[in-house]
Structures are given as C-alpha cells and as structure tokens.
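Colleague: Structure incoming, see below.
Every read-out reported here was derived from the displayed coordinates using simple, explicitly stated rules and does not represent laboratory data. Predicted model, so just to flag it, every value in this text is computed and none were measured. Cβ sites come from the backbone with ideal geometry, for glycine too, and all protein chains shown count toward neighbours.
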Amino acid sequence: GLVAVALVAGVVSYRMARRISRPLSDLREGVERFEREGLSYRIPVSRLEEVGSIAALMNEMAERLDERIRAEVRQINEQEAVFSSMVEGLVVVDPAERVTRINRSAARLLGVASEAALGKSIQEIVRSTYLQEFVTKTLSTVDPVEGDIVIRGHQGDRFLQAHGAPLLDDAGK
C-alpha cells in the first residue's frame, strides 16, 4: 500500500510541477522571442492566475513599448525630413563643439562633406575664428545669439548671418 501511495504522490507531484513549470518556460521563451522577433510576439497567457497575470502584463508592456518605439521612429523620420529639406544651413554641435548633425545646405555653405564633418570639432572642419567665436558664445549662454560670420575660401569670402541657440536637455544641460 505504501508503494502505491508513493507512486500516486509521485505522479501527482510530477503533474503539478509540470503544470507550473510549463507556463514559466513559456514566459522564458516569450522573452527570448521578444528579443529575436521583436515586440509584436505575444506570450500565451496561462490559466494559472499568477503566471497568467505576469504573461498578460508582459504582453501589455511589449505592446506599449512597441508603440513608443514606433512613435519615436516616426518623429525621428519627420525631423530628418524637415532637417534635410531646409534651405537654411543648420549645424548642431555638442558641448565639446563637435558636429553631431549638419544638413546639406550648411555643408554646401561651409564647403564640407556632411559625412566627413560628423564627429569632428567645428574648428577642424571650418577655419574661421568668427564661426568658432560664434559657437563658443552660443554654447555659453541660454539666450539665442545672432551674428555675422566671415568664411574665407578658395572662391573668396562668404558673409553669413548666423542665428544660434543652445538645445538644453531636461536637466538644463
């Protein structure tokens, strides 16, 4: 009788363990599929209340995150379209005065290649004390700055009217 009870207890324990471990395995697999396939995958929701609620929350989180990423991509694409189609030259520099963005109009006005300018200091790409002073002044204030810049080149001097403003993050930097 004792062997029969142990055997039944073993079978019941195995089934219970399997019933609990399968949904946990599904959660693990779901997270791996989020990573491989993207956030459009949905984890199967288990009938076990605790595990099922975790799967449902993870699915909701993935959906919200996917929506946020899509919104960010749309916003970046819109900004890029506006940025590249501007007639005015636009140069964005970081606090170390390295070029982080430059549109085609600015590259043409400054006589540089857009791709070659990225990551370089403004002093490396354009030898103009007027421009260097203008950038330094813009980065040292919170107010918009205006000024005239002379850029000397092979085709003669270019006189540009410049407008600058610092772009501050949430921390004010």
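Colleague: Looking at segment 36-173 from every direction and averaging, what is the projected area of its Cα convex hull in nm²?
Modeller: 11.8 nm²
Colleague: Could you give the dipole magnitude of segment 87-173 about its Cα centre, charging the beta-carbon of Lys and Arg +1 and that of Asp and Glu -1, in debye to the nearest 20?
Modeller: 340 debye
Colleague: A follow-up question, please. Under a GNM of the chain (C-alpha, springs under 10 Å), which listed residue has the highest mean-square fluctuation: M16, M86, M61?
Modeller: M16
Colleague: For A162, list long-range residues whose amide hydrogen, built 1.01 Å from N in the peptide plane, is under 5 Å from its own amide hydrogen.
Modeller: Hits under the 5 Å cutoff: G147, D148, I149.
Colleague: Helix-only estimate, please: 222 nm mean residue ellipticity of the chain, summing -39500 (n - 2.57) across DSSP H runs of length 4 or more and dividing by its residues, to the nearest 500.
Modeller: About -19000 deg cm²/dmol.
Colleague: For labels at A81 and A4 in the simple 7 Å Cα→Cβ model, what's the distance in nm?
Modeller: Output for this residue pair reads 7.7 nm.
Colleague: Under the rule of at least 5 residues apart or a separate chain, name every residue whose amide H is placed under 5 Å from the amide H of V93.
Modeller: Result for V93 returns T100.
Colleague: Hey, could you grab the Kirkwood Rh for segment 75-131? Inverse mean 1/r over distinct alpha carbon pairs, Å, one decimal.
Modeller: For segment 75-131, inverting the mean 1/r across all distinct Cα pairs yields 11.6 Å.
Colleague: Something else now. Any chance you could run the full-extension gain for S140 through V31? It's 0.36 nm times the residue separation minus the Cα-Cα distance, nm to one decimal.
Modeller: Length gained between S140 and V31: 34.6 nm.
Colleague: Additional query: Of the peptides 112-124, 139-151, how do they stack up when ordered by the mean number of other Cβ atoms within 10 Å, highest first?
Modeller: Highest-to-lowest ranking by the protection proxy: 112-124, 139-151.
Colleague: Next question, about the same structure. Peptides 128-138, 34-44: what's the order by average Cβ count within 10 Å, highest mean first?
Modeller: 128-138, 34-44
Colleague: Which order do the peptides 164-171, 91-98 come out in when sorted by mean C-beta neighbours inside 10 angstrom, highest first?
Modeller: Packing order, densest peptide first, comes out as 91-98, 164-171.
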